[in-house]
Amino acid sequence: MARRAIYPGTFDPLTNGHVDIIARACHLFDEVIVALLVNPGKLPLFTVPERIEILNEAVKSQFSQVSIETFSGLLVDFARQRQAHAIIRGIRSFKDYEYELPMVLMNRRLNPEVETVLLVASEENSYVSSSLIKEVFTLGGSIEGLVPETVIERMKQKKTQ
Ligand code: PNS
């Protein structure tokens, strides 16, 4: 039976840190579903269709066992629907661990059949976050090498719109 994992997130925007975690998950699992949270409460930089396009361009083309999907509601319900064995989350620091731990335990309580696997980000991506990328770019700093090329192009387009 194929081992299937879900890698959930907001991906606004996708960073090289996310891509690194996806690559690590692909070494461990036969199928990896990158699951984009549709959260009407949040005002994102990129729309859901734009973020799906970015994920398709930058991730799906590189990793054959990856599929891109959207979800809303509880992550564990989506995991159950997709018969996933694991939820993948990337951690860069103790701060991330502290943020993740309550979610791991809550998700385990809600669905004990799905295990959360915390993967440690590579050193070079350990300070990269979507929010920092947006801030640095907005203030005119370079984000070269920290996000996929398509993200840079699309962020430049947003600036001129
Ligand atoms: O990229 P993010 O914003 O850090 O991802 C957070 C995400 C999507 C993993 C988290 O917000 C989530 O799982 N949301 C779905 C709703 C849910 O299941 N909430 C209970 C979590 S214990």
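The numbers here are math on the coordinates, done by the rules we state, and not lab data. In this text the structure is predicted, and so the values were computed from the model without any measurement. Here the Cβ is made from the backbone with ideal geometry for all residues, glycine too, and neighbour counts use every protein chain on show.
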Original post:
For Val120, which sequence-distant residues (separation of 5 or more, or a different chain) have an amide H within less than 5 Å of its own amide H, given hydrogens modelled in the peptide plane?
Top reply: Ile91
**OP:** Note down the nm distance, to one decimal, between modelled labels 7 Å out along Cα→Cβ at Lys158 and at Thr138.
**Re:** 1.0 nm
**OP:** Determine the sum of side-chain charges near Ala84: Lys and Arg each +1, Asp and Glu each -1, restricted to other residues whose C-beta is under 10 angstrom from that of Ala84.
**Re:** +1
Original post:
Within the chain, how many lysine pairs that are 8 or more places apart, or on different chains, have C-alpha atoms less than 27 Å apart?
Top reply: 14
Subject >> the chain - percent relative contact order, Cα under 8 Å, separation 6 or more >> reply: 30 percent
**OP:** Would you grab the residues whose amide H sits under 5 Å from the one on Leu74? Only those 5+ places off in sequence or on another chain, please, with H modelled 1.01 Å from N.
**Re:** none
**OP:** Provide the gained length on full extension for the span Val117 to Leu74, in nm with one decimal, where the gain is 0.36 nm per separating residue minus the Cα-Cα distance.
**Re:** 13.7 nm
**OP:** Quick one: among Pro44, Pro13, Pro148, which has the greatest mean-square fluctuation in a GNM of the chain with alpha-carbon springs under 10 angstrom?
**Re:** Pro44
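Need the full-extension length gain, Arg109 to Lys42, defined as separation in residues times 0.36 nm minus the C-alpha distance. One decimal, nm. Provide the component values of the computation, followed by the final result.
Values: separation 67, 0.36 × 67 = 24.12 nm, distance 2.61 nm.
Gain on extension, Arg109 to Lys42, equals 21.5 nm.
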**OP:** Taking the Cβ of Ala35 as the centre, find all other residues whose Cβ is under 13 Å away and add up their charges (Lys, Arg: +1; Asp, Glu: -1).
**Re:** +2
**OP:** At q = 0.10, 0.18 Å⁻¹, what is the base-10 log of I(q)/I(0) for the chain according to the Debye formula with one equal point scatterer per Cα and no solvent? Please give it to two decimals.
**Re:** -0.35, -1.18
Original post:
If you take the alpha carbon radius of gyration of region 8-48 and divide it by 2.2 N^0.38 Å, what ratio comes out, to two decimals?
Top reply: 1.31
Original post:
Whose amide H sits under 5 Å from the amide H of Tyr7, counting only residues 5 or more places off or on another chain, with H placed in the peptide plane?
Top reply: Ile33, Val34, Ala35, Ile88
